[in-house]
Amino acid sequence: NDVAIGVTANDDVAVKLDQASAPPVFVLSARRPGAVVPYTLRVRLPSRELSGAGVLIATNWRVTLGNWQTDPRTDAATWRKEIEAGVTFAAPRLELRFGSAGPSELADAPAVVKDAHFDVQRFGTLAATSIALPSGRWKIATLSDDGVRVSVDGALLIDNWTHHGPTPDAAEFTLAEPRTVALSVEHFELDGWAVLELELTPVP
């Protein structure tokens, strides 16, 4: 097993070694939020050099979590008001792996979420962000349990507003020129397992 003796990346990217992982992994993060940051990474080992390249999506999500009484499948407007009465926090990514517990049990939940003592069922999520994207094709991919809706600039692209197990969904959109787009996500949990994850990637 080679041990890295040198790691370099372009100036827009910060690199950190996560030694808590098994095996340890390098974690990359963009230094500029609200933008798309291409990166190159080189890792020098005693016996060889490894290199890679990709794109980091750096943004800040405004996330609101709340419990609900009104079934979102029959009255989404009232349900949304109930969620808006919950708690709001900022997050660098939309990666909420609730599992069989509720929002307050998330390992990395901020204090405002832990202190809210959410129920483990019948909770919902509203999330929104704006991000400057280059022109081209873009893919939105979600993993949800239960219902999920994703809109780009108000246009609904993913609509799986149902009671279901962990399910992947995806949609694409095209930008004719670089501009800032608004992403919004709605998610509800009815019972059992719960997850909400979103990934935005350029389409080659």
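Things to note:
- The fraction of accessible area contributed by carbon and sulfur in region 136-183 is 52 percent, rounded to a whole number (1.4 Å probe; ligands and nucleic acids excluded).
- Based on DSSP H segments of at least four residues, each scored -39500 (n - 2.57), the chain has a per-residue ellipticity at 222 nm of -1500 deg cm²/dmol.
- Between the beta carbons of GLN121 and LEU156, assuming R0 = 22 Å, the FRET efficiency works out to 0.30 to the nearest 0.05.
- Cβ-derived FRET efficiency at R0 35 Å, ALA20 paired with ARG44, nearest 0.05: 0.95
- If R0 equals 30 Å, the separation of the Cβ atoms of ARG137 and SER29 corresponds to a calculated FRET efficiency of about 0.75.
- Pairwise label distance in nanometres, ALA182 with ALA85, each label 7 Å out on the Cα-Cβ vector: 2.5 nm
- Taking the chain and dividing mean pair separation by its residue count, relative contact order in percent (alpha carbons under 8 Å, at least six apart): 19 percent
- Over the Cα atoms of region 68-204, the radius of gyration divided by the Kirkwood radius equals 0.97; this is the Rg/Rh ratio.
- Computed about its Cα centre, the charge dipole of region 60-204 is approximately 380 debye, with only Lys, Arg, Asp and Glu carrying charge at their Cβ.
- For the chain, the solvent-accessible area works out to 54 Å² per residue, with a probe of 1.4 Å and every protein chain left in place.
- Among the trypsin sites (Lys or Arg not before Pro) found in region 16-83, those both in a DSSP coil and sparsely packed, with 13 or fewer other Cβ atoms within 10 Å of their Cβ, are ARG31, ARG48.
- Taking every alpha-carbon pair under 8 Å whose residues sit at least 6 apart, region 120-204 reaches a relative contact order of 47 percent.
The values are calculated or read from the model by the stated rules, or taken from the named source; none is laboratory data. The model shown is predicted, which means the values in this text are computed figures rather than measured ones. Don't worry about glycine lacking a Cβ; one is built from the backbone with ideal geometry, like all the others, and counts go over all protein chains shown. Protein only, heavy atoms only, side chains kept; ligands, DNA and RNA dropped before computing areas. Shrake-Rupley method; radii C 1.70, N 1.55, O 1.52, S 1.80 Å.
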